[in-house]
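Enquirer: Encoded as structure tokens, here's the structure I'll be asking about.
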Amino acid sequence: MKRLISAILLLICVMTGFAQSAVDNDFEELSTEDQSLLIKAIGMVDDGLSEAVTSDFDYLVSKYPKNYIVRYERAYNNALLERYGEVIKDQKLLLNHKLANERTYQLIGNAYDFTGNRKKAANVYRDGLKRFPQSGSLNMEIGNLYYLDKDYNKALEYYNLGIVAEPNFASNYYRAAMLYLCTDVAKVWGLVYAESAILLAPSNESRHQELAETMMDCLKESITMSFDGESRLSVKLVPGQDIKIDDKSKTVYLGFPGIYEAAIMKPLMKMQLKKIPFTANIQQLIDLRRGAVENYYSATGNLFGSSMYLLEFQKKIIDAGHWDAYNYFLFMPSNPEEFGEWYESHSDELNAFIDWYNNDPYILGDGRSVDIMQIYNHYRPITLPEALRIQASLVADKKLTDSESNTEVSAD
């Protein structure tokens, strides 16, 4: 019985974010019979039977009014039942309790938000951030409030703060990606964040589909080719190259979006030479994205280092021999027909990639980042001549091809 209880307590810890020792103390305050009742009630909530256990939670709270786990689980159940007023009634005991964590503040803040009191919700989230400054979810909730007010720049500010605070919390990448991909100035960041969101939460199928489709649409809309008369290629991922020079150190800082846009030009030019229209199908994206990684490493020597860990991770996948399978996994929801045709004869390759990923997953933090706020953390200092060499190397083949194929190329 003790082993069973320990396993259940661990489950409760995962669900609520409580420390094991604190949960032990609160849980053992309950009688054996009431422990069983609480475990049963939590299980029924997980099975979608919230209404059926309302009286059980009320009974437990009446018997143990200061027990945090009991009161939190009732508040959580009330939130599922959209009884937000009842959730708010419990806020004082919940928020002032030593076991309160970021999810507690999120629960109470959400209750205020759903009752239309965004100002009070924001105050709760901000109070939570003072207590738990490394919370990605609380930064996200504040960002969501700004999003609802259509203040998208402030929303992005808090999503990015949440990414820095908790780099493996996928929701901030997702929300920022959907905003960046809708702009004309930050599409590259949208592509990076979208892929990171998928990698950090691969089991979230609905978001995976939305992100994959949006990524594919972004590339399809940003890259145009025409072959009527004079060949034309236009890439519009960034509005222009971003170059800054530090007056003291004379270090030249190249903007990552511009570097990435330049890196995809060579593989695009190869497609154009073969007169292959760009439709953003999965096989084309495999070739395009592989070419971008190889061009980036060849021309820059990994200029941004682990500050753009996504490219390092992509190179690991290429080196491990799983690049095709990875991209079919990544873009599968956006083109199920093409994926299905590939999968019929390559299922072993997909399984091999999944096994590889499970052993070496995408983990950020500890010096690994992909966000706009930390992009220069591991940037290699370069001089102006080296910056010019890098830019020339990225587009060298493009110039050569231009002169030989009478092709007009533009990268905005």
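Enquirer: Would you mind classifying the range 182-246 by shape? Square roots of the alpha carbon gyration tensor eigenvalues, ordered a ≥ b ≥ c; an a/c under 1.5 is rounded, otherwise it is prolate if a/b is larger than b/c and oblate if not.
Expert: oblate
Enquirer: Also: If you average the alpha carbon positions of the range 162-176 and of the range 24-92, how far apart do those two centres end up, in angstrom?
Expert: For the range 162-176 versus the range 24-92, the Cα centre distance is 30 Å.
Enquirer: Cβ neighbours within 10 Å, averaged per peptide: list 299-310, 48-59 in order, most packed at the top.
Expert: Ranked from most to least packed, the peptides come out as 299-310, 48-59.
Enquirer: Going by alpha carbons, how many degrees (0 to 90, nearest 10) lie between the helix axis of 170-180 and the longest principal axis of the chain?
Expert: Approximately 50 degrees, to the nearest 10.
Enquirer: Quick one: with all protein chains in place, what share of the accessible area of the chain is carbon or sulfur, to the nearest percent (1.4 Å probe)?
Expert: 51 percent
Enquirer: Still on this structure, I have one more. Would you please put 86-93, 356-363 in order of how densely packed they are, using the mean number of other Cβ atoms within 10 angstrom per residue and starting with the highest?
Expert: For the peptides 86-93, 356-363, the packing ranking is 86-93, 356-363.
Enquirer: Got a number for the accessible area of I42? Probe 1.4 Å, square angstrom, nearest 10.
Expert: Ignoring ligands and nucleic acids, I42 comes out at about 10 Å².
Enquirer: Once label points are set 7 Å from the Cα along Cα→Cβ at both Y59 and L80, what is their separation, rounded to one decimal in nm?
Expert: 1.8 nm
Enquirer: Which whole-Hz couplings ³J(HN,Hα) result when phi for each residue of the range 283-288 is put into the Karplus expression 6.51 cos²θ - 1.76 cosθ + 1.60, θ = phi - 60°, listed in order with x for Gly and Pro?
Expert: 5, 5, 5, 4, 5, 4
Enquirer: For the chain, what is the accessible area per residue in Å², given a 1.4 Å probe and the full set of protein chains?
Expert: Ligands and nucleic acids excluded, the result is 48 Å² per residue.
Enquirer: Is the C-alpha gyration tensor of the chain telling us rounded, prolate or oblate? Criteria: a/c under 1.5 is rounded; beyond that, a/b larger than b/c is prolate, otherwise oblate.
Expert: Verdict is prolate for the chain.
Enquirer: Would you work out if the range 196-307 is rounded, prolate or oblate? Take a ≥ b ≥ c from the square roots of the eigenvalues of the alpha-carbon gyration tensor; rounded if a/c is under 1.5, else prolate when a/b is larger than b/c, oblate otherwise.
Expert: Taking the square roots of the gyration eigenvalues as a ≥ b ≥ c, the range 196-307 is oblate.
Enquirer: Around Q283, what is the net charge, scoring Lys/Arg as +1 and Asp/Glu as -1 over all other residues with Cβ under 10 Å from its Cβ?
Expert: Result for the neighbourhood of Q283: -3.
Enquirer: In addition: Helix 102-114: angle to the longest alpha-carbon principal axis of the chain, degrees 0 to 90, nearest 10?
Expert: 90 degrees
Enquirer: Counting only protein chains, not ligands or nucleic acids, how are E221, E141, E166 ordered by accessible area (probe 1.4 Å), most first? All intermediate terms of the calculation are to be shown ahead of the outcome.
Expert: On the way: E221 135, E141 15, E166 60 Å².
Listed by decreasing accessible area, they come as E221, E166, E141.
Enquirer: I've got another one for you. May I ask for the angle, rounded to the nearest 10°, between helix 136-148 and the longest principal axis of the chain, with both axes built from Cα atoms and the value confined to 0 to 90°?
Expert: Relative to the chain, helix 136-148 is tipped by roughly 80 degrees.
Enquirer: Here's a follow-up. What number comes out for the charge environment of V70, summing +1 per Lys or Arg and -1 per Asp or Glu over other residues with Cβ under 11 Å away?
Expert: -3
Enquirer: Oh, and also: Got a sec? What order do K187, K154, K119 fall in by accessible area at 1.4 Å, biggest, i.e. largest, first?
Expert: Final ranking, largest accessible area leading: K119, K154, K187.
Enquirer: Hey, rough spin-label estimate for D247 and A352, points 7 angstrom out along Cα→Cβ, what's it come to in nanometres?
Expert: Computed distance between label sites D247 and A352 equals 5.6 nm.
Enquirer: Each label point is 7 Å from the Cα along the Cα-to-Cβ direction; what then is the distance between the points at F114 and K40, in nm?
Expert: Reported label-point gap for F114 and K40 is 2.6 nm.
The values are calculated or read from the model by the stated rules, or taken from the named source; none is laboratory data. All figures in this text were calculated on a predicted structure; none of them were measured in a lab. Neighbour counts run over all protein chains shown; Cβ positions are idealised from the backbone, glycine included. The accessibility values were calculated without ligands, DNA or RNA, using every heavy atom of the protein model including side chains. Shrake-Rupley method; radii C 1.70, N 1.55, O 1.52, S 1.80 Å.
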